[in-house]
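Asks: Structure in C-alpha cells, see below.
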Amino acid sequence: ALNREAFRQAVVNTLERRLFYIPSFKIYRGVAGLYDYGPPGCAIKSNVLSFWRQHFVLEENMLEVDCPCVTPEVVLKASGHVDKFTDLMVKDEKTGTCYRADHLLKDYCKDKLEKDPKLSPENAAELKRVLAVLDDLSSEELGAKLKGYGITAPDTKNQLSDPYPFNLMFQTSIGPSGLSPGYMRPETAQGIFVNFKDLYYYNGNKLPFAAAQIGQAFRNEISPRQGLLRVREFTLAEIEHFVDPDDKSHPKFSEVATLEFLMFPREDQVSGKSARRIAIGEAVAQGIVNNETLGYFIGRVYLFLTQLGIDKERLRFRQHLANEMAHYAADCWDAEIECSYGWIECVGIADRSAYDLKAHTDKSGVPLVAAEKFSEPREVEKLVIIPIKKELGLAFKSNQKMITEALEAMGEKEAMDLKATLESKGEAEFKVCTLDQVVTIKKNMVSISKEKKKEHQRVFTPSVIEPSFGIGRIIYCLFEHSFYTRASKDGDEQLNVFSFPPLVAPIKCTVFPLVQNQQYEEVARKISKSLTAFGISAKVDITGTSIGKRYARTDELGVPFAITVDSASSVTVRERDSKQQIRVNVDEVATVIKEVSEGISTWADVLWKYPTHSS
C-alpha cells in the first residue's frame, strides 16, 4: 500500500509540475472535484477524443450530435434521474460534514484487510464478501454495517447519521422567472433519446443505427477524493446503439470474436473467484454476455483502450451484480482499469433495453418507435378491449377513469380469463392496482374479443446498447500506466518518463539544435515548419542547456521522438523508451516522423532502414 501511494505521489507531482492538470481556481485555494487541464493535458485529451471519433464514430458510421448541458426538469423527471439519481450519504452529527456511506465502509474494510495483523481468516473472508457486494447493499443494510463495525466520522470520530439518499444533480432555473427548473445534465444520453425520432428519420427509417455525443456532464459528488477519478464536472463520450429487441445479432461480431481478455462474470464475483481470460465469442456463445451487439462493443472497447496504451493485464470487464444494475439495465459490463486507487470503472457498457424511449414516449406523448415493414401483409389476431364507459360511470362514479385504464391495460391471458368468467357467471372480481382494491365487473361493462387483422408492419420500441466513456478516468489511468523512472546517464538521479504511444502523446517530436548557432537554428526551424505542414505537433528547444537535460525534459512530457540538429545535411532521431538513435537526411526527417507517429511504420522498421547513431 505504501509503494502504491509513493508511486501515485510521484506521478501526480510530475503531472502537476508539468501542468498536465492542476486544481481549478488554485489562487483561491481551489474547489474539491474541479480540475483544469494545462497544455500537455489538453493535447492528450484532444488526441484521445479524436481517436475515439475515428475508432467508433467513423468506423461504425455513427450519427454525432451536440446537445446543451442545461436540461429542463421534465426530461430528467421522465428519465428517472430526478427521483433516482442518488448516492447514500451520512452526516457527522456534530459538524454536519457529509460523507458517502459506501466509501466509508469500503475504506474500513480495505484498511482492516491491509493493516490488521490479528484479523482471523473468518473475519477477513467476511470483509472480502462485504467489498464484493458493496454496490448491492440497500440503505438499511449499509446503515447496519456502519453501526455494526462502529464506523465514525473519519476526521472527528463523531457519531454518524443513518444513511439517506442525496440527489447528485446540480439544480438551476432556466430564465429569470424561477418557474422553469432545470438541471446540469448528469449524462449526455438523454439528448440523444429525445432526438430519436429525428435521427431515425435522418437514417432513412432504418435500424440498427448508433448516435454518439461527446460533452460535459455534471455530478455534485458528496465528498470527492481520488483526484481526477472523482470530479464534479467531466467529459463523457457516449454511444447509443439502437437495435431491434428481437434481433441483437451484429454483422461485424466475427471481427472481434477471437479477442481474449480478462472477464469477471457475476457468478465468479459472488463465489469469490477472480477474473479469468475468456474469448468474447465464447462468452456470448455460453450466454455469459447477453447478446452479440453487447459483445461486439465490449471487444471494440478493449481494442480502443489497449491501443491508447492501457496495460491489458490491468484491464478487465466486470459484469454488474443483479442489485447494482441501474434502474433500467438488462445487462451491464464495466471496463475496469487497475491503478493505484484499485480497480476503477472507466467505461460502462449497458443494455438499457427500451427503458428510456418508453419513458420519454409516455411523458412527452410523442411515440419514439421504429417500424419493420413486411414484404407480404401478415394476418394477426388482435385483442380488442372496449370498456363501456356509461355503465362503468353509473357503477363506479369518480373511479371510472382508473378502472377503464386498468381494463384496457390487461394482457391477453388475463383478458381471456375475465371474458370466460363473465360469460359463465355474468360477473367477475377484478383487481385495480392503481386503486389498490378489488371491484366487481358485470358482463355489460366491458366487451372483450379477438379480431383478425391484416398488418403491413410491426411497430416496436427499439432497445439501446450504451457504451459510456469517462474520458478523464481513462486519461488518469493512462498517466499511471505510462509512468516509469530510470537513472540519468551519470546514475545520480532518477528521471521521470511517460511512455505514451505516439497516438496520444501531447507533442510528437522535439527539435534541438546541438549547439546555439545560426545555421543549426535555421535547419531546426525548417524541420519544425515541415512537421507542422504534416499536422504533427513539434516543439523547438533552443535553450543552451545540455542535450541530456533537454532529453530528460521532453521524456517527462512523454514526447516519443527527438531530432537533434548536429550538421546542416543530416540529423539524429532519438526514440524515447529505447534511447536508440538513427541518422536521417534533413529533407527526409519530417516524412520519417510522420510515418512512425501515425503508426504507418514502427520504430523497428525505421531502425532497420537507416544507419544507427551511437552518442
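Asks: Does residue 479 satisfy being open to solvent by less than 20 Å² (accessible area, probe 1.4 Å), more than 19 Å from residue 38 (Cα to Cα) and either outside the structural domain of residue 344 (by the TED database) or assigned to a strand (DSSP E or B) (or both)?
Replies: Working: open to solvent by less than 20 Å² (accessible area, probe 1.4 Å): yes; more than 19 Å from residue 38 (Cα to Cα): no; either outside the structural domain of residue 344 (by the TED database) or assigned to a strand (DSSP E or B) (or both): yes.
Here the answer is no, as residue 479 does not meet what is asked.
Asks: What are the residues in the range 272-311 that are over 24 Å from residue 474 (Cβ atoms) and basic (Lys, Arg), if any?
Replies: Within the range 272-311, 273 is the sole residue that qualifies.
Asks: Answer yes or no as to whether residue 102 is assigned to a helix (DSSP H, G or I), under 20 Å from residue 225 (Cα atoms), at pLDDT below 95 and open to solvent by less than 40 Å² (accessible area, probe 1.4 Å). Before the answer, list the steps.
Replies: Details: assigned to a helix (DSSP H, G or I): yes; under 20 Å from residue 225 (Cα atoms): yes; at pLDDT below 95: yes; open to solvent by less than 40 Å² (accessible area, probe 1.4 Å): yes.
Considered against the rule, which asks whether it is assigned to a helix (DSSP H, G or I), under 20 Å from residue 225 (Cα atoms), at pLDDT below 95 and open to solvent by less than 40 Å² (accessible area, probe 1.4 Å), residue 102 comes out as yes.
Asks: Which of the residues spanning the range 145-175 are open to solvent by 50 Å² or more (accessible area, probe 1.4 Å), within 26 Å of the chain's Cα centre (by Cα) and at pLDDT 95 or above?
Replies: Across the range 145-175, the qualifying residues are 170, 171, 172.
Asks: Moving on to the next point. Does residue 420 satisfy being outside the structural domain of residue 229 (by the TED database), part of a helix (DSSP H, G or I) and either open to solvent by 50 Å² or more (accessible area, probe 1.4 Å) or within 30 Å of residue 569 (Cα to Cα) (or both)?
Replies: On the way: outside the structural domain of residue 229 (by the TED database): yes; part of a helix (DSSP H, G or I): yes; either open to solvent by 50 Å² or more (accessible area, probe 1.4 Å) or within 30 Å of residue 569 (Cα to Cα) (or both): yes.
Taking the combined requirement at face value, the residue satisfies it.
Asks: Filter the range 120-144 for residues that are part of a helix (DSSP H, G or I), open to solvent by less than 80 Å² (accessible area, probe 1.4 Å) and among the polar types (S, T, N, Q) and give the result.
Replies: If the condition is that a residue be part of a helix (DSSP H, G or I), open to solvent by less than 80 Å² (accessible area, probe 1.4 Å) and among the polar types (S, T, N, Q), then 139 is the only one that fits.
Asks: OK, next. Kindly indicate which of 251, 224 is in contact (Cβ under 8 Å) with a residue 60 or more places away in the chain and surrounded by fewer than 20 Cβ atoms within 10 Å (Cβ to Cβ). Before you say what the answer is, go through the steps one by one.
Replies: Values: 251 fails: in contact (Cβ under 8 Å) with a residue 60 or more places away in the chain.
Going through 251, 224 in turn, just one is in contact (Cβ under 8 Å) with a residue 60 or more places away in the chain and surrounded by fewer than 20 Cβ atoms within 10 Å (Cβ to Cβ): 224.
Asks: Which of the residues that make up the range 76-92 are in a loop (DSSP other than H, G, I, E, B) and within 23 Å of residue 103 (Cβ to Cβ)? Give the derivation first.
Replies: So the first thing to find is which residues in the range 76-92 are in a loop (DSSP other than H, G, I, E, B), and the list is 79-80, 85.
Scanning the range 76-92 gives a single hit, 85.
Asks: Out of the residues in the range 264-304 meeting the condition of being among the aliphatic types (A, V, I, L, M), farther than 27 Å from residue 62 by Cα and in contact with a strand residue (DSSP E or B) (Cβ under 6 Å, 6 or more places away or on another chain), tell me which one is most open to solvent (accessible area, probe 1.4 Å).
Replies: Of everything passing the filter in the range 264-304, 275 is most open to solvent (accessible area, probe 1.4 Å).
Asks: Can you tell me which residues in the range 294-309 are aromatic (Phe, Trp, Tyr) and out of contact with any helix residue (DSSP H, G or I) (no Cβ under 7 Å at 6 or more places or on another chain)? Even if it seems obvious, please write down each step before you answer.
Replies: So in the range 294-309, the residues aromatic (Phe, Trp, Tyr) come out as 296-297, 302, 304.
Of everything in the range 294-309, those that are aromatic (Phe, Trp, Tyr) and out of contact with any helix residue (DSSP H, G or I) (no Cβ under 7 Å at 6 or more places or on another chain) turn out to be 297, 302.
Asks: Related question: Pairs only if they're at least six apart or on different chains, beta carbon under 7 angstrom, first in the range 448-466 and open to solvent by less than 50 Å² (accessible area, probe 1.4 Å) and aliphatic (A, V, I, L, M), second part of a strand (DSSP E or B) and modelled with pLDDT of 90 or more; list them, first residue then second.
Replies: 448/385; 464/240; 464/241; 464/242; 465/241; 465/243; 465/351
Conditions tested, residue by residue: (1) within 22 Å of residue 46 (Cα to Cα); (2) modelled with pLDDT of 95 or more.
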{"site": "503", "(1), (2)": "yes, no"}
{"site": "506", "(1), (2)": "yes, yes"}
{"site": "516", "(1), (2)": "no, no"}
{"site": "521", "(1), (2)": "no, no"}
{"site": "548", "(1), (2)": "no, no"}
{"site": "556", "(1), (2)": "yes, yes"}
{"site": "569", "(1), (2)": "no, no"}
{"site": "572", "(1), (2)": "no, yes"}
{"site": "589", "(1), (2)": "no, yes"}
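Asks: From the list 214, 192, which one is among the hydrophobic types (A, V, I, L, M, F, W, C), modelled with pLDDT of 95 or more, open to solvent by less than 60 Å² (accessible area, probe 1.4 Å) and in a helix (DSSP H, G or I)? Step through it out loud before you land on a result.
Replies: Details: 214 fails: in a helix (DSSP H, G or I).
Residue meeting the stated conditions: 192.
Asks: From the set of residues in the range 575-591 that are closer than 24 Å to residue 555 by Cβ and open to solvent by 70 Å² or more (accessible area, probe 1.4 Å), which is nearest to the chain's Cα centre (by Cα)?
Replies: Ranking the qualifying residues of the range 575-591, first place goes to 579.
Asks: Next question. Evaluate the following for residue 240: is it over 21 Å from residue 476 (Cα atoms), of a type in the set (D, E, K, R) and open to solvent by less than 40 Å² (accessible area, probe 1.4 Å)? Steps first, answer last, please.
Replies: Numbers: over 21 Å from residue 476 (Cα atoms): yes; of a type in the set (D, E, K, R): yes; open to solvent by less than 40 Å² (accessible area, probe 1.4 Å): yes.
Yes; evaluated as a whole, the condition is true for this residue.
The values are calculated or read from the model by the stated rules, or taken from the named source; none is laboratory data. Note that the structure is predicted; figures quoted are calculated from it, not measured. We place every Cβ from the backbone using ideal geometry, glycine too, and count neighbours over all the protein chains shown. Accessible surface areas use protein heavy atoms only, side chains included; no ligands, DNA or RNA. Shrake-Rupley method; radii C 1.70, N 1.55, O 1.52, S 1.80 Å.
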